[in-house]
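S.K.: Mind having a look at this structure? Questions to follow.
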């Protein structure tokens, strides 16, 4: 098994469910309930980081070439032209 891979979503859910069971916590049914449980557990554990709502939102930076398809946008323009020709 490769060691550089991250756990699957299914594994993360299974781990979270097992930890909730161990702690006697109900597995959250909604994203809001999950956020509340995470926040409460973080505070109980003395987590040093501020709460998410206390941190200013930082938009994710785009990676790669972006929407233009290249540093000068030629790939995107070529794709648009090809799409027009195929209609």
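The values are calculated or read from the model by the stated rules, or taken from the named source; none is laboratory data. It should be emphasised that the depicted structure is a prediction, and the values quoted were computed from it without experimental measurement. Here the Cβ positions follow ideal geometry from the backbone for every residue, glycine too, while neighbour counts run over all protein chains shown.
S.K.: Are any of the residues in region 48-60 at pLDDT 90 or above, surrounded by 10 or more Cβ atoms within 10 Å (Cβ to Cβ) and not in a loop (DSSP other than H, G, I, E, B)?
M.R.: Residues of region 48-60 that are at pLDDT 90 or above, as a first pass: none.
Scanning region 48-60 turns up no residue that is at pLDDT 90 or above, surrounded by 10 or more Cβ atoms within 10 Å (Cβ to Cβ) and not in a loop (DSSP other than H, G, I, E, B).
S.K.: Quick one: in region 61-86, of everything that is loosely packed, with under 10 Cβ neighbours inside 10 Å and at pLDDT 70 or above, which residue is nearest to residue 25 (Cα to Cα)?
M.R.: Across region 61-86, the extreme among qualifying residues is 61.
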